[in-house]
Amino acid sequence: MKSIIKPGITLMIYGLIAGLGLGYINSLTSPVIEAQEEVARMAAIEEVLPEAQVFDPDTVDSVQYITGYADSSEITPVGYIITAYGNGFSSTIKTVVGLNPDFTISAIEIVYQSETPGLGTKSVEITDGPEPWFEMQFDDKLYNNLAVDKDGGDIKSITGATITSRAITNSVKIAAKELKLALGENNDMVTIPGGPQCDPNNPDDPNCHPDSAEVEVQEDSLTSERGGE
Amino acid sequence: MKIIKDFTKGILVENPVLVLALGLCPTLAVTSSAINGLGMGCAATFVLVMSNLIVSLIKPLVPSRIRIPIFITVIATFVTITKLVMAAYTPALSEALGIFIPLIVVNCIILGRAEAFASKHSPLRSLVDGLGMGFGFTLTLVVLGAFRELIGSGTIFGQQIMGDNYKPALLMILPPGAFLSLGFMVALARMLLEKTRKEA
């Protein structure tokens, strides 16, 4: 019995000292780590929606999003920000997506990925210009047209990393669609700049559901794409 | 004289990677670029030096039956400190090295040196041994990383070396490139060792 208790107590003392020391170090570094993550997140948010100055987080139908406003009056949104998650080749890729009010994409920023070095990591690689070429392809595209070239779309996939390219593209599309549906159901009026206005008192007004027929078809193709991965 | 030998043996004669063949997993995995190799080498060196020093200091207080769990506790503590500090102050490097920082705990070099050297020698010699081994490990990782980065991306430490017409051989920054380059480095180390032995 004694041969168990003595080593046990010794180990406990070592563990206690180590634990206390680590607790102290953690209390020093955790505020710095949190600040770093917040800075990275805010940088991504500002990057994808440069016109916005004021950000207002909200949740509709369990879809989390941030509305960006040009000034503190918070009347006309200049766009929305959502986070998309896609299953890539070796990681869940997290992308911050900036959407204009007409649901074209303002810009995207991949904030987390752990794909194959030299292949999937090219998604965040900068060759020319201020941001990675892969992310830049999304600028100004309408969300429901997004698809990689192998799926008949016009997003050029990364050589040797089709799975990564497809995961990002489809996750952005799905996230934007979810937000569009969530907002569409809760707002009486979905305004499309330059287009005809929806009349909330007329349920048959086709302008209220400008792409409802299209969305039905999209649903099928999305399910099959997900199943294929 | 002994102290100097404690340091220099880690560079070639008892180089942890090339001669002792310890810690191959992080060596192969993180050396896709020179900066990753340097970061990993420095992190492992810090842990190695500190754990060697502490193990050597507490050795009279360690019952031999439970020395391994105690050594691991010491090592794990310093690895966690390294991980927290890197996440706080070098987030980009910390993300690039990812899981391999926490995995320093099970890096055989560190437990190997604690068991084979620090638990038998004075704190000063253990510290120097840790420094030497860490330096040898870091040097190997940087050379391996720089070589793979040069062939695989045309850069070293992110600086363009090869001309614009150079087509990078992607294979070199993928796992097969790690094995191939390490093989050549081990062969080179053997050759140097043979040469120094003949001269001696």
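The values are calculated or read from the model by the stated rules, or taken from the named source; none is laboratory data. From a predicted model like this one, the values you see are computed outputs, not experimental measurements. Ideal geometry is used to build each Cβ from the backbone, glycine not excepted, and the neighbour counts take in all protein chains shown. For the accessible areas, the whole protein counts, side chains as well, though only heavy atoms, and no ligand, DNA or RNA atoms are used. Shrake-Rupley method; radii C 1.70, N 1.55, O 1.52, S 1.80 Å.
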If you count, for every residue in B:85-91, the Cβ atoms of partner chains within 10 Å of its Cβ, what is the mean? 5
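If you take every residue apart from residue B:19 with its C-beta less than 13 Å away from the C-beta of residue B:19, what net charge results, scoring Lys and Arg +1 and Asp and Glu -1?
Summing Lys/Arg as +1 and Asp/Glu as -1 gives +1.
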Find the sum over both chains of the accessible area lost when B and A are paired, probe 1.4 Å, and report it in Å² to the nearest 100. 1700
Could you compute the FRET efficiency for residue B:179 and residue A:17, with r as their C-beta to C-beta distance and R0 at 41 Å, rounded to 0.05? 0.50
Using the Kirkwood formula on alpha carbons, the hydrodynamic radius of the stretch A:54-95 in angstrom works out to 11.8
How much length, in nm to one decimal, is gained on full extension between residue A:41 and residue A:85, taken as 0.36 nm per residue of separation minus their Cα-Cα distance? 14.4 nm
Cα atoms only: what Rg and Dmax, in Å, come out for chain B? 17.7, 63
Charge tally in the Cβ shell below 14 Å around residue B:177, where Lys, Arg are +1 and Asp, Glu are -1, residue B:177 excluded: 0
Note the full-extension length gain between residue A:58 and residue A:34 as 0.36 nm times their separation in residues minus their Cα-Cα distance, in nm to one decimal. 6.5 nm
Provide the packing ranking of A:34-42, B:146-154, i.e. peptides ordered by the mean count of other C-beta atoms within 10 Å per residue, highest first. B:146-154, A:34-42
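Peptide B:21-33: average number of partner chain Cβ atoms within 10 Å per residue? If you can, show how the numbers build up before the last one.
Values: counts 0, 0, 0, 0, 0, 0, 0, 0, 1, 1, 0, 4, 2.
For this peptide, the per-residue mean of nearby foreign Cβ atoms is 1.
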Here FRET efficiency (C-beta to C-beta, residue A:136 to residue B:61, R₀ 45 Å, nearest 0.05) is 0.15
With point charges of +1 on the Cβ of Lys and Arg and -1 on the Cβ of Asp and Glu, referenced to the Cα centre of the stretch B:15-199, which listed residue (B:61, B:31, B:135) lies farthest in the positive direction of the dipole? B:61
When each pair of different Cα atoms in the stretch B:98-148 is counted once in the 1/r mean, what is the Kirkwood radius in angstroms, to one decimal? 12.1
Along its principal axes, what span do the Cα atoms of the protein assembly as shown show, with the longest given first and each in whole Å? 93, 60, 40
Under the Karplus relation 6.51 cos²θ - 1.76 cosθ + 1.60, θ = phi - 60°, what is the ordered set of whole-Hz ³J(HN,Hα) values for the stretch B:49-58, x standing for Gly and Pro? 5, 5, 5, 4, 4, 5, 4, 5, 5, 8
Average partner coverage of A:27-36, which counts Cβ from other chains inside 10 Å: 4
Once you put a point 7 Å from the Cα of residue B:108 and another 7 Å from the Cα of residue B:2, both along the Cβ direction, what distance in nm separates them? 2.8
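Plugging the Kirkwood radius over Cα pairs into Stokes-Einstein for the stretch B:1-76, at a temperature of 25 °C and a viscosity of 0.890 mPa s, what D comes out in µm²/s?
171
For each pair in B:83/B:120; B:83/B:198; B:167/B:195; B:83/B:167, compute the distance between the two Cα atoms and list the pairs where it is over 32 Å.
B:83/B:198; B:167/B:195; B:83/B:167
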Using the Karplus curve 6.51 cos²θ - 1.76 cosθ + 1.60 with θ = phi - 60°, work out ³J(HN,Hα) for each residue of the stretch B:183-200 in order, rounded to whole Hz, and write x for Gly and Pro. x, 5, 5, 5, 4, 5, 4, 4, 4, 4, 4, 4, 4, 5, 5, 5, 5, 6
